[in-house]
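What follows is a single structure, written as structure tokens, with notes after it.
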Amino acid sequence: MGSRKQDSAIARKEANKDVVKASLNNCPSSPRKMRLVADIIRGEKVDKALYILKYSKKEASNKLEKLLLSAIANWQVKNEGADIEEANLIVKEIYVDSARQLKRLRPAPQGRGYRIRKRSNHVTIILGNKEN
């Protein structure tokens, strides 16, 4: 019984060798601004996505570039000795979720206080092969 579980675990590990994940939690920028950049690189090849992020003027692109480099490093750890150019890696999935909000008060006229919501987000990126 135990060997069957081991066989399935090994098979699952081999099947997931070409899919890697990296995540960035509690990034202090609004999810809306991050999604603008994430939508640009979704479905692109990894080298093209890095090029887009490197030359984008948006502040969020610096953080996403670092996250993409982390995902590539995760792929290299999983596939030792394999070449990235031959792997045809693409940005299979990228999604931005909202995280905690810091709530602050800003002084307003006539003794009021306006609420300021400082938003943050979680970004998850999944790289995979083009064939899958």
Requested in this report: Check whether at least one residue in the stretch 14-36 is of a type in the set (A, V, I, L, M), open to solvent by less than 60 Å² (accessible area, probe 1.4 Å), modelled with pLDDT of 95 or more and touching an Asp or Glu at 6+ places or on another chain (Cβ under 8 Å), and report yes or no.
Outcome: no
Query raised in the report: When N121 is evaluated against the numbered criteria (1) at negative phi; (2) open to solvent by 30 Å² or more (accessible area, probe 1.4 Å), which criterion, by number, is the only one it fails?
Result: (2)
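From the residues in the stretch 95-113 that are in contact (Cβ under 8 Å) with a residue 12 or more places away in the chain and of a type in the set (G, A, S), which one is nearest to R35 (Cα to Cα)? Break it down into steps so the answer makes sense when it comes.
Let us first name the residues in the stretch 95-113 that are in contact (Cβ under 8 Å) with a residue 12 or more places away in the chain, namely 95-104.
Then drop every residue that is not of a type in the set (G, A, S), which leaves 98-99.
Numbers: S98: 10, A99: 13 Å.
Result: S98.
Residue under question is A73, and the condition is that it be out of contact with any Ser or Thr (no Cβ under 9 Å at 6 or more places or on another chain), surrounded by 11 or more Cβ atoms within 10 Å (Cβ to Cβ) and part of a loop (DSSP other than H, G, I, E, B); does it hold?
On the way: out of contact with any Ser or Thr (no Cβ under 9 Å at 6 or more places or on another chain): yes; surrounded by 11 or more Cβ atoms within 10 Å (Cβ to Cβ): yes; part of a loop (DSSP other than H, G, I, E, B): no.
Considered against the rule, which asks whether it is out of contact with any Ser or Thr (no Cβ under 9 Å at 6 or more places or on another chain), surrounded by 11 or more Cβ atoms within 10 Å (Cβ to Cβ) and part of a loop (DSSP other than H, G, I, E, B), A73 comes out as no.
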**Report entry** Identity of the residue in the stretch 38-51, surrounded by 17 or more Cβ atoms within 10 Å (Cβ to Cβ) and under 11 Å from the mean Cα position of the chain (by Cα), that ends up nearest to L89 (Cα to Cα)
**Finding:** I41
Query raised in the report: Of all residues in the stretch 57-68, which are within 11 Å of the chain's Cα centre (by Cα) and open to solvent by 90 Å² or more (accessible area, probe 1.4 Å)?
Result: K66
Query - Criterion violated by E85 - all others in (1) assigned to a helix (DSSP H, G or I); (2) closer than 26 Å to N26 by Cβ; (3) modelled with pLDDT under 95 satisfied - result: (2)
Report task. Scan the stretch 95-115 for residues that are within 27 Å of the chain's Cα centre (by Cα) and surrounded by 10 or more Cβ atoms within 10 Å (Cβ to Cβ) and jot them down. Result -> Y95, V96, D97, S98, A99, R100, Q101, L102
Report summary line: Here the residues within the stretch 50-61 that are closer than 15 Å to V96 by Cβ and out of contact with any Phe, Trp or Tyr (no Cβ under 9 Å at 6 or more places or on another chain) are L53, K58, E59, A60
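Quick one: which of K78, K92, K54 is open to solvent by 70 Å² or more (accessible area, probe 1.4 Å), of a type in the set (K, R) and without any contact (Cβ under 8 Å) to a residue 40 or more places away in the chain?
On the way: K78 fails: without any contact (Cβ under 8 Å) to a residue 40 or more places away in the chain; K92 fails: without any contact (Cβ under 8 Å) to a residue 40 or more places away in the chain.
Answer to the check: K54.
The values are calculated or read from the model by the stated rules, or taken from the named source; none is laboratory data. Owing to the predicted nature of the structure, the values given are computational and were not obtained by experimental measurement. Positions of Cβ are generated from backbone atoms using ideal geometry, with glycine treated the same way; all protein chains shown enter the neighbour counts. What goes into the accessible areas is simple: the full protein's heavy atoms, side chains included, and nothing from ligands, DNA or RNA. Shrake-Rupley method; radii C 1.70, N 1.55, O 1.52, S 1.80 Å.
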